[in-house]
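Since the structure comes first, as structure tokens, the remarks are kept for the end.
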Amino acid sequence: MKLDQNRFFLVRTQSIPIGRRLPFDLFLKISGDIILFKRSGDILPQRRLEDLIKHSIKEIYLLKNQKTLYLNSLKEIVKDPDSPDELRGRFIKETAFNHIEDLFSNKDVSTVAEESTDLVEDMVEFISTDLSAATTLMKLSTHDYYTYNHSVNVSVYSIAICKSVLGDDKKLLVTAGLGGLLHDLGKRKVDLKIINKPGKLDSQEWEEMKRHPGYGYDLLQDVPTISEDIKRIVHEHHEHMDGTGYPKGLTETQILKLSRIASVADVFDALTTKRSYKEACPAKEALEIMANMPLGKFDPNVFKMLETKLDKKTDITLDKSVDPCLPHLHFKKAS
């Protein structure tokens, strides 16, 4: 049959559970047609999955009315204590991508935001007290859409940094993770031409981009399960300690500690993630860049938890106005 975009959604081939009965149908796209590959109840063996990957079949189609069955199958593996960490981490991230996609496309923000809590609790359990598990989780899979990938990464880094700064209080860690996951929610109300513009934003476009924290805060006002602290993270993640941030120009203690954590996570991931118009910085270089930014942009105690001891061979500086939402993120070695 011909592809009907309204009936199907795409998942990455490696995100399909193997060696167990599938509770959903799988379809492949062959010469423009959608062909049934595996029926519900069938098993996808490891060797068959490897054959698909060998033949560069990176994505598989599922019926939209079976999406819940697909996500539940991933959750079962994540909850299974016998599942290898690599597999659990990959399926956590795949589930997160689906949540972010729904958050940016589904009219019912409230339901999706509420459902995100279980996902973040799984992230909290997966991440250890240092950044090693977070870094592992970042490497497990990639996504074509920067905004989706970035939102998941900021959530993971926020949890890891929060553990280092504020301890192991699960409620606090889930709050940090949900704030990170939802931090860019307001971008769904910003024109896609601005979001995807590869060049420098003009002054009018930049002013519109700077409204996204307020847009996100407003979208969450009627979601009863989203706490005020989570809403504040969404609203304050671009505020700076010295008052030069936006949207309100808050300073120091006016900014929630969890918002300061999200701010560091936001910039670090923006620097270390490859985008269509820039290569990713190595983590060491990103930390050097952030360390040489003007004083007052970050909470120094929060940044210290991310920073490592480096042998700085070059002095790297960043434009004072740098922001992870800017599509160019210019940086240079000082002369």
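Read-outs throughout are calculated quantities, based only on the coordinates presented, and are distinct from any laboratory measurement. Everything numeric in this text was worked out from a predicted model, so none of it was measured. Here the Cβ positions follow ideal geometry from the backbone for every residue, glycine too, while neighbour counts run over all protein chains shown.
Loop only by DSSP, 10 or fewer other Cβ within 10 Å of the Cβ. Give me the trypsin sites (Lys or Arg not before Pro) in region 212-291 that pass, ordered by residue number. Show your work: numbers first, answer last.
On the way: sites: K231, R232, K248, K257, R260, K274, R275, K278, K284; in loops: K248, K274.
Hits after loop and neighbour filter: nothing returned.
Structure shown: which of K107/K193; K64/K274; K67/K171; K189/K304; K107/K231 lie over 23 Å apart, alpha-carbon to alpha-carbon?
Numbers: K107/K193 20 Å; K64/K274 30 Å; K67/K171 29 Å; K189/K304 34 Å; K107/K231 19 Å.
In this structure, K64/K274; K67/K171; K189/K304 lie more than 23 Å apart at Cα.
How large is the dipole of region 1-40 about the Cα centre if only Lys and Arg carry +1 and Asp and Glu carry -1, each at its Cβ, rounded to the nearest 20 debye? Don't jump to the answer; show the numbers that get you there.
On the way: 8 positive and 3 negative charges, 35 e Å.
Here the size comes out at about 180 debye.
Given all pairs of different Cα atoms, what value in angstroms does the Kirkwood hydrodynamic radius of region 217-293 take? Provide the component values of the computation, followed by the final result.
On the way: mean 1/r = 0.0725 Å⁻¹.
With all distinct Cα pairs of region 217-293 included, I get 13.8 Å.
Beyond 28 Å between alpha-carbons counts as too far, so tell me which of K200/K297; K187/K297; K79/K197 fall in that bin. Don't jump to the answer; show the numbers that get you there.
Details: K200/K297 21 Å; K187/K297 22 Å; K79/K197 40 Å.
Check vs 28 Å cut-off fails for K79/K197.
Within region 46-107, list the trypsin sites (Lys or Arg not before Pro) lying in a DSSP loop whose Cβ has at most 14 other Cβ atoms in a 10 Å radius.
Numbers: sites: R47, R48, K54, K58, K64, K67, K75, K79, R88, R90, K93, K107; in loops: K58, K107.
Those satisfying the criteria are K58, K107.
Figure the gain on full extension for S164 and E207 (residue separation times 0.36 nm, minus the Cα-Cα span) and round it to one decimal in nm.
Numbers: separation 43, 0.36 × 43 = 15.48 nm, distance 3.44 nm.
Stretched out fully, the S164 to E207 stretch lengthens by 12.0 nm.
Under the 0.36 nm per residue contour assumption, what length would be gained going from the current alpha-carbon distance of E252 and N196 to full extension?
So the extension gain works out to 17.0 nm.
Where a ≥ b ≥ c are the square roots of the eigenvalues of the C-alpha gyration tensor, would you call region 136-294 rounded, which needs a/c under 1.5, or, failing that, prolate if a/b is larger than b/c, or oblate? Numbers along the way, then the final one.
On the way: a/c = 1.31, a/b = 1.08, b/c = 1.21.
Since a/c stays below 1.5, the shape of region 136-294 is classed as rounded.
How far apart, in nm, are the 7 Å Cα→Cβ label points at K304 and K58?
Using points 7 Å along Cα→Cβ, the separation is 4.3 nm.
Taking 0.36 nm per residue of sequence separation and subtracting the Cα-Cα distance, how much length would be gained by fully extending the chain between Q46 and K107, in nm to one decimal?
Net length gain for the segment: 18.2 nm.
Could you list the chymotrypsin sites (Phe, Trp or Tyr not before Pro) in region 141-246 that lie in coil according to DSSP, counting only those with at most 14 other Cβ atoms within 10 Å of their Cβ? Kindly include the intermediate steps, with their values, before the conclusion.
Numbers: sites: Y145, Y146, Y148, Y157, W206, Y215, Y217; in loops: Y145.
Answer in residue order: Y145.
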